[in-house]
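The values are calculated or read from the model by the stated rules, or taken from the named source; none is laboratory data. Since the model is a prediction, treat every value here as computed from it, not as a measurement. Glycine also receives a Cβ, built like all others from the backbone with ideal geometry; neighbour counts cover every protein chain displayed. The area values use the complete protein model at the heavy-atom level, side chains included, leaving out ligands, DNA and RNA. Shrake-Rupley method; radii C 1.70, N 1.55, O 1.52, S 1.80 Å.
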Amino acid sequence: MNPSILIVEDEAIVALDLKLQLQDLGYLVAGIAGSAAEAVAAVQEHRPSLVLMDVRLQGPGDGIQAAEQIQRERPTPLIFLTSHSDADTVQRAARTAPYGYLTKPYQLKELRAGIEVALTKARLERQLREADRWFANTLQCVADGVVVTDLEGRIRFLNPAAESLTGWPSEDAAGRQVEDVVQLQGSDDGLAEAASALVRGVIAEGRPRPVAHGRRLQRREGSERVVDNSAGPVRTDDGQPLGAVLVLRDATERLAHEAQLRASEERFRSAFDLAPLGMALVSFDGRFLQVNDALCRLLRLPREQLQSGSQVDLTFAADREHEARRLHELAAGQALVVQFEKRYLRPAPQEPVWTLVSVSQLNDGPNATCHLYQVHDLSEQKQAAEHLAELAQERMRREASELASAHKSEFLSRVSHEMRTPLNAVIGFAQLMQMGNAALEPQQLRLYVDHIRSAGEHLLGLVTDLLDLNRASQGSLQLDLQPTPVVRAVEDTRMLLEGLAQSHGITLSAAVPAGLQVLADAQRLRQVLLNLGSNAIKYNRQGGQVQVAAQADATGGVTITVQDTGIGMTPQQLERLFQPFDRLGAERTRVEGTGLGMVICKALVAEMNGTLRLTSQARVGTTVTVTLPAAG
């Protein structure tokens, strides 16, 4: 927007001509006034950017008087434009601080130059005033007290914070010597320089002074405040000194905070030093920074030796990796506290001491500074645990011995029972033959002999089974593990069981791929298959089926399955299946057996590095799966 200009001229023709000239030059004319009163009123109404003022005006008062009133009421840039250039008039006009003084007649270019210079000067002064207002408002808002002095140490300015600290209003302090208002005493760091000496020093040296902490400031009414103060010089653009600025900061809150911090540190130090458990401050690279007496006693090392070494060197080698891993979790923020057991080394010939360590990070603001180790001595707990473990082992050995004795007694009882029945048959029929006369019929004699032979064979089988079971339990079975064709073992077994299957009305089938071989003892493999097959036939139903199959599995083994459609077993019977002499209730039937077959089969398969698994469902049937290593 173009600047506006107010013309103050009592001659109408001259005023109109000037207006036209100004408009030709691109300026806006705010108005024309012919008297001093009209000029003052027009400035208030139009607020022009510049006033062109004639000295001689109509009515009371001249242009100089009008300029004085304008500068008092509404300061506005002004140029005198007059034909009067006598010394008295010029001197009176100069007291109004005009921006220019042009005498008539004037050249148009002179007028334009004067107007531009005046407007530029006004703009610069306005910017300077605005900057001063910004600075003044900033100082008004600053929480620190700011005192500005001249070169002689006289106060020129106090901001509100300085007024509050000193007890002096700015208008009362202005012009006084700085030591009269800012009465500084000694400080925490031994500096006791008076305010006047401080101001003179910074002006002479041309550089700021460092902050003096904890100085006593005597206020106007006699009370004292504790402040931190600093000072620096104020210079012109060309480096010439103008004065000094003194900054005062209320130290009350800082001192209270420091007192709280000291009290907190003292409490921490007392808790740290007097704690009954070992405590240490450890740097992130593992050095002891500080240790308490309890840790020195635990590790049996003097404080100086501990604090000059690394806690890593005192850690049992096998525990270092685990500790490093837990400390990494702490550093990564995965936990606020990590806890682990570790062994500390003590001076020879002492054994390592077991401890439970809790580690946390100590922080200074957002930054972690070191680790806090809390070390609990676990020696007594470990000794108690070892004693309890020994007692538990002794109790287990005693219970195992008692259990083994009970099992042995039960085993002997069952063996004697199993052997007594066929022995009674042998003795009984032998007595009948002994008591009979020579006239015994050959047919009856043959019957007695058959019973005796059958009982003897039963006894022989029982003794053989017992010997196999004993050798298997002791690991003394003599096995010849060789590549064994599965199809041959299954076929031999099928041929031996064919007669038994026909007598029970059972269909016996086999499905084994040719070329399938296992690493096994051929005789013991046939023994296992005969036992499994005979059970599948004996405990089957009339018209049932028994199927033997084999196949290679994905683990490098061979599985042989014996599946029947017999009476099956309940879950309760399956739990007792591998108990010696337990026939699962079959002893109440006419099916012969000793209750050792499945026990021996499982033991034989295990000796051949295989496994035996069994699944069964009552009144549906049973499947036995034998897995053996394949022959390479």
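Starting from the Cα gyration tensor of segment 163-312, take the square roots of the eigenvalues, sort them a ≥ b ≥ c, and report rounded, prolate or oblate (rounded when a/c is under 1.5, otherwise prolate if a/b is larger than b/c, else oblate). Display every interim value, and only then the final one.
Values: a/c = 4.66, a/b = 2.49, b/c = 1.87.
In terms of gyration-tensor shape, prolate.
Do any chymotrypsin sites (Phe, Trp or Tyr not before Pro) in segment 256-347 lie in a DSSP loop with no more than 14 other beta carbon atoms within 10 Å, and if so, which?
Counting only loop positions with at most 14 other Cβ atoms within 10 Å, the chymotrypsin sites (Phe, Trp or Tyr not before Pro) in segment 256-347 are Phe284, Phe316.
With a/c under 1.5 counting as rounded, go ahead and sort segment 254-333 into rounded, prolate or oblate using the C-alpha gyration tensor (a ≥ b ≥ c being the square roots of the eigenvalues; past the cut-off, prolate if a/b is larger than b/c, else oblate).
oblate
As an exercise, find the ratio Rg/Rh for segment 124-233 from alpha-carbon atoms, using the Kirkwood inverse-distance average for Rh.
0.98
Just from its helices, what would the mean residue ellipticity at 222 nm be for the chain, if runs of 4 or more DSSP H residues each count -39500 (n - 2.57) and the sum is divided by every residue, rounded to the nearest 500 deg cm²/dmol?
Only helices count here, giving -15000 deg cm²/dmol.
With θ set to phi - 60°, apply the Karplus curve 6.51 cos²θ - 1.76 cosθ + 1.60 along segment 317-331 and write out the HN-Hα couplings as whole Hz, x wherever there is a Gly or Pro.
4, 5, 9, 5, 5, 5, 4, 4, 5, 5, 5, 5, 4, 5, 5
For a quick check: with amide H placed at 1.01 Å from N, whose amide H comes under 5 Å from Leu378's, ignoring anything fewer than 5 positions away on the same chain?
Trp354, Thr355, Leu356
Charges on Cβ only, +1 for Lys and Arg, -1 for Asp and Glu, centred on the Cα centroid of the chain; of Leu388, Leu378, Gln617, which one is farthest towards the dipole's positive end?
So the residue we want is Gln617.
Enter the accessible area of Glu11 (Å², nearest 10), with the probe set to 1.4 Å and all protein chains included.
It works out to around 110 Å².
If you add up the charges near Ala392, with Lys and Arg at +1 and Asp and Glu at -1, over every other residue whose beta carbon is less than 13 angstrom from its beta carbon, what do you get?
-1
For helix 597-607, report the angle its Cα long axis makes with the longest principal axis of the Cα atoms of the chain; keep it between 0 and 90° and round to the nearest 10°.
Roughly 60 degrees between the two axes.
Whenever you get a sec, compute what percent of the accessible area on the chain sits on carbon and sulfur atoms (1.4 Å probe).
52 percent
Tally Lys and Arg at +1 and Asp and Glu at -1 over the other residues with C-beta under 13 Å from the C-beta of Pro77: what net charge comes out? Could the numbers behind the result be given before it?
Working: positive: Arg47, Arg74, Lys121, Arg123, Arg126, Arg129; negative: Glu116, Glu125.
So the environment of Pro77 carries a net charge of +4.
Using protein chains only and a probe of 1.4 angstrom, how many square angstrom of Met608 are accessible, to the nearest 10?
0 Å²
How tilted is helix 63-73 with respect to the longest principal axis of the chain? Cα atoms for both, answer in degrees (0 to 90, nearest 10).
30 degrees
Among residues other than Leu274 whose Cβ falls under 15 Å from its Cβ, what is the net charge (Lys/Arg +1, Asp/Glu -1)?
0
Quote the relative contact order of segment 142-256 in percent (integer), defining contacts as alpha-carbon pairs under 8 Å separated by 6+ residues.
Computed over segment 142-256, the figure is 27 percent.
For segment 88-95, take each phi angle, set θ = phi - 60°, evaluate the Karplus expression 6.51 cos²θ - 1.76 cosθ + 1.60, and give the result in whole Hz per residue in order, putting x for glycine and proline.
Using θ = phi - 60°, the values come out as 5, 5, 4, 5, 4, 5, 4, 5 Hz.
Once you charge only the Cβ atoms, +1 for Lys and Arg and -1 for Asp and Glu, what is the size of the charge dipole of the chain about its Cα centre, to the nearest 20 debye?
Dipole size: approximately 2380 debye.
Karplus couplings for segment 359-375 from phi (6.51 cos²θ - 1.76 cosθ + 1.60, θ = phi - 60°), rounded to Hz, Gly and Pro as x?
10, 10, 9, 9, 10, 10, x, x, 9, 6, 10, 6, 9, 9, 9, 10, 10
In terms of solvent-accessible area of protein heavy atoms at a 1.4 angstrom probe, what is the ranking of Arg453, Arg216, highest value first?
I get Arg453, Arg216, largest accessible area first.
If you build the Cα gyration tensor of segment 477-629 and take the root of 5 times each eigenvalue, what three semi-axes come out, in whole angstrom, biggest first?
Taking √(5λ) for each Cα gyration eigenvalue gives 24, 18, 14 Å.
Roughly how many Å² is the accessible area per residue of segment 4-136, as a whole number, for a 1.4 Å probe?
55 Å²
Test of the criteria: in segment 74-152, which trypsin sites (Lys or Arg not before Pro) are in a DSSP loop and have at most 11 other Cβ atoms within 10 angstrom of their Cβ?
Here the sparse-neighbourhood loop sites are Arg95.
Counting only the heavy atoms of the protein chains, how much of Thr76 is accessible to a 1.4 Å probe, in Å² to the nearest 10?
Estimated to the nearest 10 Å², Thr76 gives 10 Å².
Quick one: angle between helix 252-274 and the longest Cα principal axis of the chain, in degrees between 0 and 90, rounded to 10, please.
Approximately 20 degrees, to the nearest 10.
Evaluate the charge dipole of segment 4-136 about its Cα centre and quote only its size in Debye, nearest 20, assuming +1 on the Cβ of each Lys and Arg and -1 on the Cβ of each Asp and Glu.
That gives a dipole near 480 debye.
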